[in-house]
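Visitor: Dropping the structure in here first, questions after.
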Amino acid sequence: MAVRISDLLDPARIDLNVRSARRTTALAQVAGLLESHEAMTNYKGFYKDLLARERLDSTCLGNSVALPHARTDHLKETLLAVGRHDRGIYFEKADEHVKLMFLLGTPKKDPTAYLSLVSRLCKLVKQPALRTALLEAETPAEFIAAVTDAEAKL
């Protein structure tokens, strides 16, 4: 069975109050949530790969959601961090303000899992009711519960 987004969410890796509206600073803040994870083998290498992917093309999905991601050799397993900014983080290439950022890191050795997770996340965030619930969640636990509920209906 494919890994679910809700299985990857951890309250310690969800920041519902990202401080900066600057893309690079916000990326650093959200990526930093993964630095101490036991599956992270080289945070600097991971972050470098993440920024390299960001330079290629916009990771905005529309509807004020972005999916910065990296397939990298610096992780033992797939990791996910989430950042939320009430006014929006400006993503220049897409000319869009992003309120929800799902930052995904996957090991290079598992491209199937990567594609499956990206597809699943895209399906989830297309749902207006879920986006509203995620924007209104007061705690990481409420955020995870909203994703779990939406995923159960897929």
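Visitor: Work through the residues other than Gln127 whose Cβ is under 13 Å from its Cβ and net out their charges, Lys, Arg +1 and Asp, Glu -1.
Guide: Counting the neighbours of Gln127, the net charge comes to +3.
Visitor: If you don't mind, there's one more thing I want to ask. I need the shape label for the stretch 57-154. Rule: rounded when a/c is under 1.5, else prolate if a/b > b/c, else oblate, with a, b, c from the alpha carbon gyration tensor.
Guide: It comes out oblate by the Cα gyration axes.
Visitor: Can you compute the charge dipole magnitude of the stretch 5-152 about its Cα centre, using +1 on each Lys and Arg Cβ and -1 on each Asp and Glu Cβ, nothing else charged? Give it in debye, rounded to the nearest 20.
Guide: 500
Visitor: Okay, next question. Using a cut-off of 20 Å between alpha-carbon atoms, which lysines can reach Lys108, once sequence neighbours fewer than 8 places away in the same chain are excluded?
Guide: Here the lysines satisfying the reach criterion relative to Lys108 are Lys44, Lys48, Lys76.
Visitor: What lysines does Lys123 reach when the alpha-carbon gap must be under 18 Å and sequence neighbours fewer than 8 apart in one chain are set aside?
Guide: Reachable lysines: Lys99, Lys153.
Every number in this text was worked out from the coordinates using simple rules, so none of it is lab data. A quick note: this is a predicted structure, and the numbers were derived from the prediction, not measured. As a convention, Cβ positions derive from the backbone with ideal geometry for all residues, glycine included, and neighbour counts pool all protein chains shown.
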